[in-house]
Amino acid sequence: MELRDIEIFLILAEELHFGRTAERLRVSQARVSQSIKQQERRIGGALFERTSRNVRLTPLGRQLRDDLHPHFHGLHEGIQRARLAAQGSTRALRLGMVSWNYPDLQPFFDALVARTGCAVQVRSVEFGDPFGPLRAGDIDAAILWLPVREPDLSVGPVVYTEPIVLATSATHPLTRQETVSYEDLADCVVMGGCSPDYWREALVPSHTPSGRLIPIGPSVTNGQQMLPILASGEAVSPAHAHGRYYANAPGITYLPIRDAPPARFALIWRTAAETQLIRTFAELIAEAGPLALYGAQENRPSHP
């Protein structure tokens, strides 16, 4: 079997759709069908069950997929590393983050270096324009909280989850409570600035669960701008729990929001600019599974 035929088989085994496989590989659907028929003749058995409605792997197809998958990816990555070495390339994955907790993700970065020889370069992304750097080509991928509903962007695996907390002045009346609820925010001024609206709502809702309007005050576009507004008591803001460790400035307190669901952060990239390096990073994250950060006292890291 030629390397290209193996790739066609593995992609079809993943997509289970001839049209999507052809589109992903940028070949004709007839080329995909021809390749699979040739492989089945060589092997002497059916690899896929085809009906007018769906495509399924046969037991023989599943066995071949499981046997070929690790070897194919090993060959592909070896060729990629050799090509980069021959070019003297120092290419890295430029990764945008709206959060500050990149040290928590170092195991993923180390795994990418081990598998591809390419490092990760972290870039700060403002939550006032989280998708702009991707569309401008300033970064290759980003880790952003969900949901992301942009037709030109691909949503990859969830990288980590963490609680949502309320960031506020240490002298705010709410600090007399051990926890707060989203209902309490109707009696506060809350910072705005996240965009687009549906994305902001996942962190900073416009209304409480009972329908009361949450007053929106100063507009900020990054975490650094939030700190003096929080410390002065001018406004409060829902935030992600890693802020307790990475934005633990004097005069600021973080209170658990008891009715807030955990935030989920996923790998996002521009679909038209997808590369093998992005796919490999997504595969590494999916293989490891999402990290559960800051959810239990005994598991909280001791970063300064």
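The values are calculated or read from the model by the stated rules, or taken from the named source; none is laboratory data. Bear in mind that the values here come from a model prediction, so they are computed numbers and not experimental data. Glycine also receives a Cβ, built like all others from the backbone with ideal geometry; neighbour counts cover every protein chain displayed. Just the protein is used for accessible areas: all its heavy atoms, side chains included, with ligands, DNA and RNA removed. Shrake-Rupley method; radii C 1.70, N 1.55, O 1.52, S 1.80 Å.
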Checklist entry - With the contact rule set at Cα under 8 Å and sequence spacing of 6 or more, what percent relative contact order holds for segment 1-146? => result 18 percent
Checklist entry - How large is the dipole of the chain about the Cα centre if only Lys and Arg carry +1 and Asp and Glu carry -1, each at its Cβ, rounded to the nearest 20 debye? => result 1040 debye
Item to check | Positive dipole terminus of the chain, leading residue within LEU12, ALA260, ALA235 (C-beta point charges) | outcome: LEU12
Checklist entry - What accessible area per residue comes out for segment 113-189, rounded to a whole number of Å², with a 1.4 Å probe? => result 42 Å²
Item to check | Taking the chain and dividing mean pair separation by its residue count, relative contact order in percent (alpha carbons under 8 Å, at least six apart) | outcome: 21 percent
Item to check | DSSP-defined antiparallel bridges as percent of all bridges, the chain, nearest 5 | outcome: 65 percent
Checklist entry - In whole percent, how big is the carbon plus sulfur part of the accessible area of segment 209-304, probe 1.4 Å, protein atoms only? => result 55 percent
Item to check | Heavy-atom surface of segment 1-69, accessible at 1.4 Å and reported per residue (Å²) | outcome: 62 Å²
Checklist entry - Per the helix-only calculation at 222 nm, which mean residue ellipticity applies to the chain, given -39500 (n - 2.57) for every DSSP H run of n ≥ 4 and division by its residues, nearest 500 deg cm²/dmol? => result -11000 deg cm²/dmol
Checklist entry - Whats the longest run of the chain with zero trypsin sites (Lys or Arg not before Pro) that are DSSP loop and have at most 10 other Cβ atoms within 10 Å? => result 150-304
